Amino acid sequence: MAREPITVGVLSPGEMGAALGRRLSAQGMRVVTWLEGRSEATRRRALEAGITSVERLEALMAADLILSVVPPSQAPVVAGVVAQAAARCEPKPLYLDLNAVSPTSVRALAQPLQRQGVEVVDGAIFGGASQVGGRTFLALAGPAADRAFALLHPALDLKVVGPSLGDASGLKMLYAGLTKGISSLAVELLAAAAKLEAESLILEWWGERFPDLTSFLAEGLPGLAARAGRRAQEMAELEAWLTSIGLSAAMAKAAKETLTQLAESSPKPPPAPPTRGE
């Protein structure tokens, strides 16, 4: 008898959620989501990714695993809604939180789920949606990390990084702090360069002296304005966590403020530095 395919729920099929769903679907898994209140664009994205929509959230509880992929500020909300649904259902799905939140936040959002008998895995995504199935990988942590690994391997590139909730999220905060911090500093410096009418020259000099950094900025800066609000939330998570462990968090706070201003002003994307060889 053929084995039933693994069923994975995705909340929600935004850019990254849809990319993960598309990859899992292509690898033979059944991928489902719940789209109540979501836009037509989100519904179309889910359909194009091979993700099936269910009418009620309770139907998602029959999945083997639920992936939470939402903006950081929505991570506790989604966890709470799933916990309420899980209270009415048996058996319980495994819950993998893949949001860019701090160790403190992931432990807090896990509590209502755990009270309903849902095992929670701390996860973090390293890389972009376009690289799912390629360079992008998922870090997993917590007592049930090996279970999530077994369900998702080899469809996704996975690394189990620690035994406790917060181990993966902590690494994500450290990684995101560097990448968003560099990007935020570059945004400010390019704005100053524009005042001097020296953008082209400073980009040329950066390319000569720091080719790897310039390639990183060329890849990340053009789309930063559209994602700045979510990135600011990540830096708010980092700031709160660093403060809670006795550090100043000055750089995280500055990056948060720069990204918040970028999101609110919605300027045209900053000019992309030339890639190496251009």
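The values are calculated or read from the model by the stated rules, or taken from the named source; none is laboratory data. As the structure is a computational prediction, the values presented were derived from the model and not from experiment. Neighbour counts are summed over all protein chains in view; Cβ atoms, including those assigned to glycine, are modelled from backbone coordinates with ideal geometry.
Given the criteria modelled with pLDDT of 95 or more, farther than 19 Å from L238 by Cβ, assigned by TED's automatic domain parsing to the domain that holds H153 and over 16 Å from the mean Cα position of the chain (by Cα), does A79 qualify?
Judged against the criteria, A79 is not a match.
Looking only at segment 138-159, how many residues end up being free of Cβ contacts under 8 Å to residues at least 40 places away in the same chain, farther than 19 Å from V31 by Cα and within 17 Å of the chain's Cα centre (by Cα)?
3
Can you go through A232, A186, A225 and tell me which one is within 28 Å of S265 (Cβ to Cβ), buried (at least 18 other Cβ atoms within 10 Å of the Cβ) and in contact with a Lys or Arg (Cβ under 6 Å, 6 or more places away or on another chain)?
A232
Mind checking which pairs have a first residue in segment 50-67 that is at positive phi and touching a residue at least 40 places away in the same chain (Cβ under 8 Å) and a second that is crowded, with 16+ Cβ neighbours inside 10 Å and polar (S, T, N, Q), Cβ under 6 Å, 6 or more apart or different chains?
none
Within segment 128-146, can you find the residues that are at pLDDT 95 or above, under 20 Å from G14 (Cα atoms) and in contact with a strand residue (DSSP E or B) (Cβ under 7 Å, 6 or more places away or on another chain)?
T136, F137, L138, A139
Between L113, L96, L140, which is assigned to a strand (DSSP E or B), within 24 Å of G37 (Cα to Cα) and touching a helix residue (DSSP H, G or I) at 6+ places or on another chain (Cβ under 7 Å)?
Only one candidate qualifies: L96.
List the pairs whose first member sits in segment 99-116 and is within 16 Å of R231 (Cβ to Cβ), whose second member is surrounded by fewer than 24 Cβ atoms within 10 Å (Cβ to Cβ) and basic (K, R), and whose Cβ atoms are under 8 Å apart, counting only residues at least 6 apart or on separate chains?
A100/R230
Hey, among V70, V32, V78, V10, which residue is β-branched (V, I, T), in contact with a strand residue (DSSP E or B) (Cβ under 8 Å, 6 or more places away or on another chain), under 24 Å from Q114 (Cβ atoms) and assigned to a helix (DSSP H, G or I)?
V78
Yes/no matrix, rows are residues, columns are (1) at pLDDT 95 or above; (2) touching a Phe, Trp or Tyr at 6+ places or on another chain (Cβ under 8 Å); (3) not hydroxyl-bearing (S, T, Y):
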residue	(1), (2), (3)
S164	yes, no, no
I182	yes, yes, yes
L185	yes, no, yes
W206	yes, no, yes
T243	yes, no, no
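Give segment 225-262 a look and list any residue that's touching a residue at least 24 places away in the same chain (Cβ under 8 Å), of a type in the set (A, V, I, L, M, F, W, C) and in contact with an Asp or Glu (Cβ under 7 Å, 6 or more places away or on another chain), or say none.
Of everything in segment 225-262, just one residue is touching a residue at least 24 places away in the same chain (Cβ under 8 Å), of a type in the set (A, V, I, L, M, F, W, C) and in contact with an Asp or Glu (Cβ under 7 Å, 6 or more places away or on another chain), namely A252.
Yes or no: segment 167-186 includes at least one residue that is assigned to a loop (DSSP other than H, G, I, E, B) and not aromatic (F, W, Y).
No; the residues of segment 167-186 include none that is assigned to a loop (DSSP other than H, G, I, E, B) and not aromatic (F, W, Y).
Could you tell me which residue of segment 216-264 is nearest to W206 (Cα to Cα), considering only residues that are under 19 Å from the mean Cα position of the chain (by Cα) and of a type in the set (D, E)?
E219
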